[in-house]
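**Q** Below are the structure tokens for one structure; questions will follow.
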Amino acid sequence: MSEDNSFVRKEMISERIPPAAERGLVKWVRENLFSSAFNTIMTFISLWVIYSIIVSVTPWFLNGVWDAKTVRECYDLLDGKSGACFAVLKERFPQLIYGFKYPSSEYWRPNLATVLLLIALAPILFRRLPRQLLIFSAVYPFLAFWLIWGGSILTSVSAFLGCALAIICYRRFSSGSFAIAVLVSLIAANVWWIIGGYIVDLNKSLLALEVVPSRDMGGFMLNLLLGTIAVCLSIPLGIALALGRQSGMPIIKWICVVFIEFIRGVPLITLLFVANVILAFFFPPDTSLDLILRVLIMMTFFNAAYIAEVVRGGLAALSKGQYEAADSIGLDYTQSMRFIILPQALKISIPGIVNVSVGMLKDTTLVSIISMFDLVGMIRGPILSSTDWNGVYWELFGAAAAIFFVVCFSVSKYSQWLERQLETDKR
Amino acid sequence: MAEKLKLEVSDEIAIKIQGMNKWFGSFHVLRDIDLTVNRGERIVVCGPSGSGKSTLIRCINALEDHQSGQIIVDGTELTSDIKNIDRIRSEVGMCFQHFNLFPHLSILENCTLAPIWVRKIPKKEAEETAMHFLEKVKIPEQADKYPGQLSGGQQQRVAIARSLCMRPRIMLFDEPTSALDPEMIKEVLDTMIELAEDGMTMICVTHEMGFARQVANRVIFMDDGQIVEQNEPEQFFNNPQSDRTKLFLSQILGH
């Protein structure tokens, strides 16, 4: 080859901006909306569909009537125009939120409990907040019970002290056998609660709030109550079930497998009917277990069974090497679960746990079928069947959907944020 | 090839294995293993894949259980008693082929976790120890990073430091360089050589024959779950006795 192939660059080429059609908005529109003839057609069809929806729905919203006493007054005001009758939301707002029996003078109590709930959840959801706030989170369930159900504060205080006593006993004995520590703390707590029962009976008026029985709870407050408690209780129970299912001890493993498979194999609504009707047969006649409590037990079991399977997936996704490394540096079972296995497995399980839990939150509306007046129960029952608001479906169910959407969407956004926070194993 | 290390071996027995057998189901992985390791010995175990060499060292810290025979580590016999197992595991360090660092913990946390929770050492002291050993493996500046941000060689050196933080009396290495790029093998081997110079009792499953010649005072060749030949490296490489050993050496040193 005689041709000279050698080349030496004299000057380095400096960076230049790309051509106008290849940057910014123009590039995005070209690539995403008009990249081919078919896509261009689809873009125009989509734009037309969006346009027609907006055109038909906007007047319904804009003409909406917010001040009326009945649905007929609404139609008179609309005078033949298409428009929503939002007045029902305004007039029945307390019923939608608190149900129709919660005394209106006491609305501040669930309101306060909700605000405090956010404060109590904050240190659990956000690791950066000072850890001392967790003390409030521990006290909160007892405080919330007192606020929502009322009665003497002694009941809550006694329940709290029983739990505290159980934890102290567990700490005291946990250096020995795990089983003995659990047994001692259970006995201590129960003895305390029996004694506490008499003490509470002595003074029923100390800081007493008006008692609101469970059957008077309703509206969205009931959904939030059931959803929050069921989700909070089912996560630890679900983790325990998942670990139990992996256990080397055959009886524990067997119990967990049967529990999970049974609960998962039954529709939630069946379990709720069981809670409503059949569960009462199993208790002595005079110990009428609260209906909310029975429903809560079923919902917690149901959600826990699903969470257990999600967590099991997370545990299975970890490499065997993680278990071996934890063993090889001398960590015992509890330590390796707590520091090595569960933090990683739960991180993998977050989308699944949130998925199941958001589902649970929405499924709390099923209680309307066993004649509890939650948000949907209120709409289907007292509101729609009243002669005043007969036939106002769209506005009411739309509002219910909007309320649930706001809550569930925030939960899902939080979980996405948390996943990003925990992303340490990627480069 | 670097100078052969001349190191003292004491008479004290660190590990004693007698008539040990192990089965995976009906598959007889380890057959009548007898092995005594004195304190300060550096033993290299080699052999074809599937010969049971990894399983052997995994039996020593009870990552695998054995079905018959005795394993005595540091005077404690390995039985199914969980207390004995935990004691032995905190005395015996182990490095894995795939490092097995904890990806959700920083390098420093990887190193301090076990000392704090198993040895109950105060956090500050554990961190000082961790930094000491991270300096020893020459990566103190990575302490606040996460394992995913480190190269393979660096991760393996962290894994060694993590084991050392428990101040083990015996170190087990399960093919520590097999998953590494050629460039990174040297940095890990250098760390292991330094460890040997400090008098650590070591059992290494490895195919690094240069390392075996330089560091080991005994090479064990395993095949079909049994110890076929063991000798000083000089003798082992230059004058192998069994035909199986000769074949193996010709395969790995042949090119």
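**Q** Efficiency by 1/(1 + (r/R0)^6): what FRET value for B:His207 and B:Ile82, r their Cβ-Cβ distance, R0 = 25 Å, to the nearest 0.05?
**A** The computed FRET efficiency comes out at 0.15.
**Q** Something else about it: Among rounded, prolate and oblate, which fits region B:1-117 when a ≥ b ≥ c are the square roots of the eigenvalues of its C-alpha gyration tensor, a/c under 1.5 means rounded, and a/b larger than b/c means prolate? Let's see the in-between values first.
**A** Working: a/c = 1.38, a/b = 1.14, b/c = 1.20.
Rounded.
**Q** Specify which residue in the list A:Pro267, A:Phe339, B:Gly25 is farthest towards the positive end of the charge dipole of the protein assembly as shown, using unit charges on the beta carbon of Lys, Arg (+1) and Asp, Glu (-1), about the Cα centre.
**A** Positive-most Cα among the choices belongs to A:Pro267.
**Q** Rounded, prolate or oblate for the protein assembly as shown? Axes are the square roots of the Cα gyration tensor eigenvalues, ordered a ≥ b ≥ c, and the cut-off for rounded is a/c under 1.5.
**A** Numbers: a/c = 2.85, a/b = 1.63, b/c = 1.75.
Oblate, since a/c reaches 1.5 and b/c is not below a/b.
**Q** Would you mind telling me the antiparallel percentage of the DSSP bridges in the protein assembly as shown, rounded to 5? Don't skip to the end; give the middle numbers.
**A** On the way: 21 of 39 bridges.
Close to 55 percent.
**Q** How large is ³J(HN,Hα) for each residue in region A:135-145, as worked out from phi by the Karplus curve 6.51 cos²θ - 1.76 cosθ + 1.60 (θ = phi - 60°), to whole Hz, x for Gly and Pro?
**A** Rounded to whole hertz, the list is 4, 5, 4, 6, 7, 3, x, 6, 5, 5, 4.
**Q** Determine the relative contact order of chain A: mean sequence separation of Cα pairs under 8 Å and six or more apart, normalised by residue count, in whole percent. Let's see the in-between values first.
**A** On the way: 430 pairs, mean separation 68.6, N = 427.
Answer for chain A is 16 percent.
**Q** Could I ask something else about it? Separation of region A:193-238 and region B:156-209 by C-alpha centroid, Å?
**A** Centre-to-centre distance over Cα atoms comes out at 58 Å.
**Q** Where does each of B:Arg89, A:Arg16 land when they are ordered by accessible area, with a 1.4 Å probe and the largest first? Intermediate values should be presented prior to the final figure.
**A** Details: B:Arg89 30, A:Arg16 195 Å².
Largest accessible area first, the list is A:Arg16, B:Arg89.
**Q** Provide the FRET efficiency to the nearest 0.05 for the A:Leu422-B:Ile13 pair, computing r from the beta carbons and using R0 = 56 Å.
**A** 0.75
**Q** Amide H to amide H under 5 Å from B:Cys204: which residues, 5+ apart in sequence or cross-chain, H placed 1.01 Å off N in plane?
**A** B:Ile43, B:Val44, B:Val45, B:Phe173
**Q** Something else: Label points 7 Å out from Cα along the Cβ direction at A:Ala401 and B:Phe237: separation in nm?
**A** 7.7 nm
**Q** Something else now. Taking 0.36 nm per residue of separation and subtracting the Cα-Cα distance, what length does fully extending A:Tyr414 through A:Ser36 add? Display every interim value, and only then the final one.
**A** Details: separation 378, 0.36 × 378 = 136.08 nm, distance 3.76 nm.
Roughly 132.3 nm would be gained on extension.
**Q** Another one. Helix B:123-136 versus the longest principal axis of chain B: what is the Cα-based angle in degrees, 0 to 90, to the nearest 10?
**A** 50 degrees
**Q** At a probe size of 1.4 Å, how large is the accessible area of A:Ser386, to the nearest 10 Å²?
**A** That residue has around 20 Å² of solvent-accessible surface.
**Q** Could you pull the accessible area for A:Ile348 with a 1.4 Å probe, rounded to 10 Å²?
**A** The accessible area comes out at roughly 80 Å².
**Q** With a point put 7 Å past each Cα toward its Cβ, work out how far A:Leu206 is from A:Trp394 in nm, to one decimal.
**A** 5.7 nm
**Q** Give a residue-ordered list of calculated ³J(HN,Hα) values for region A:259-271 (Karplus: 6.51 cos²θ - 1.76 cosθ + 1.60, θ = phi - 60°; whole Hz; x for Gly, Pro).
**A** 4, 4, 5, 5, 5, 5, x, 10, x, 4, 5, 5, 4
**Q** Now, a different point. Might you work out the accessible area of A:Tyr51 for me, using a 1.4 Å probe with all protein chains in place, and round it to the nearest 10 Å²?
**A** My reading of the accessible area for A:Tyr51 is about 140 Å².
**Q** Over chain B, what is the mean sequence separation of C-alpha contacts under 8 Å (at least six apart), divided by residue count, expressed as relative contact order in percent? Display every interim value, and only then the final one.
**A** Working: 458 pairs, mean separation 67.0, N = 255.
Value for chain B: 26 percent.
**Q** Going from most exposed to least, what order do A:Trp146, A:Trp66, A:Trp193 have by accessible area with a 1.4 Å probe?
**A** On the way: A:Trp146 40, A:Trp66 130, A:Trp193 100 Å².
Sorted descending by solvent-accessible area, the residues read A:Trp66, A:Trp193, A:Trp146.
**Q** What list of ³J(HN,Hα) couplings, whole Hz, do you get for region A:220-227 from phi and the Karplus terms 6.51, -1.76, 1.60, once you set θ to phi - 60° and write x for glycine and proline?
**A** Those phi angles translate into 5, 3, 5, 4, 5, 4, 5, x Hz.
**Q** Taking the Cα centre of the protein assembly as shown as the origin, how large is its charge dipole in debye, to the nearest 20, when only Lys and Arg (+1) and Asp and Glu (-1) carry charge on their Cβ atoms? Display every interim value, and only then the final one.
**A** Numbers: 62 positive and 66 negative charges, 304 e Å.
I would put it at about 1460 debye.
**Q** For A:Ser137 and A:Ser6 in the same chain, what is the full-extension length gain: residue separation times 0.36 nm, less their Cα-Cα distance, in nm? Write down the numbers at each step before the final one.
**A** On the way: separation 131, 0.36 × 131 = 47.16 nm, distance 7.44 nm.
Extending this stretch completely gives an extra 39.7 nm.
**Q** Still on this structure, please answer the following. For a test of understanding, tell me how many lysine pairs in chain A have Cα atoms under 25 Å apart, given they are 8 or more places apart or on different chains.
**A** Pairs that pass both the separation and distance tests number 17.
**Q** Name the residue from A:Pro59, A:Gly313, A:Asn190 whose Cα lies farthest towards the positive end of the charge dipole of the protein assembly as shown, charges +1 on Cβ of Lys and Arg and -1 on Cβ of Asp and Glu.
**A** A:Pro59
**Q** Something else: Label-point separation (nm) for A:Ile194 and A:Ile269, each offset 7 Å from Cα along Cα-to-Cβ?
**A** Rounded to a tenth, the inter-label distance reads 4.4 nm.
**Q** For B:Ala14, which sequence-distant residues (separation of 5 or more, or a different chain) have an amide H within less than 5 Å of its own amide H, given hydrogens modelled in the peptide plane?
**A** Close amide H contacts, sequence-distant or interchain: B:Val37, B:Asn38, B:Arg39.
**Q** Then there is this: Let me know the charge dipole size of chain B about its Cα centre in debye, to the nearest 20, where only the beta-carbon of Lys, Arg (+1) and Asp, Glu (-1) is charged.
**A** 360 debye
**Q** Still on this structure: Would you work out which of A:Leu117, A:Gly24, B:Phe237 lies farthest towards the positive end of the dipole of the protein assembly as shown? Charges go on Cβ: Lys and Arg +1, Asp and Glu -1.
**A** Of A:Leu117, A:Gly24, B:Phe237, it is A:Leu117.
**Q** I'd like the isolated cysteines in chain A, meaning no second cysteine's beta-carbon lies under 4.7 angstrom from theirs.
**A** Taking the Cβ cut-off of 4.7 Å, the unpaired cysteines of chain A are A:Cys163, A:Cys169, A:Cys232, A:Cys256, A:Cys408.
**Q** Going from most exposed to least, what order do A:Tyr333, A:Tyr306, A:Tyr414 have by accessible area with a 1.4 Å probe?
**A** On the way: A:Tyr333 135, A:Tyr306 80, A:Tyr414 50 Å².
Of A:Tyr333, A:Tyr306, A:Tyr414, the descending order of accessible area is A:Tyr333, A:Tyr306, A:Tyr414.
**Q** I'd like the distance separating the alpha-carbon centroids of region A:53-128 and region B:44-123, in whole Å.
**A** If you average the Cα positions of each part, the centres end up 62 Å apart.
The values are calculated or read from the model by the stated rules, or taken from the named source; none is laboratory data. Please read all numbers here as calculations on a predicted model, not as lab measurements. A quick note on method: Cβ atoms are made from the backbone with ideal geometry, for glycine too, and the neighbour counts reach across all protein chains shown. Accessible surface areas use protein heavy atoms only, side chains included; no ligands, DNA or RNA. Shrake-Rupley method; radii C 1.70, N 1.55, O 1.52, S 1.80 Å.
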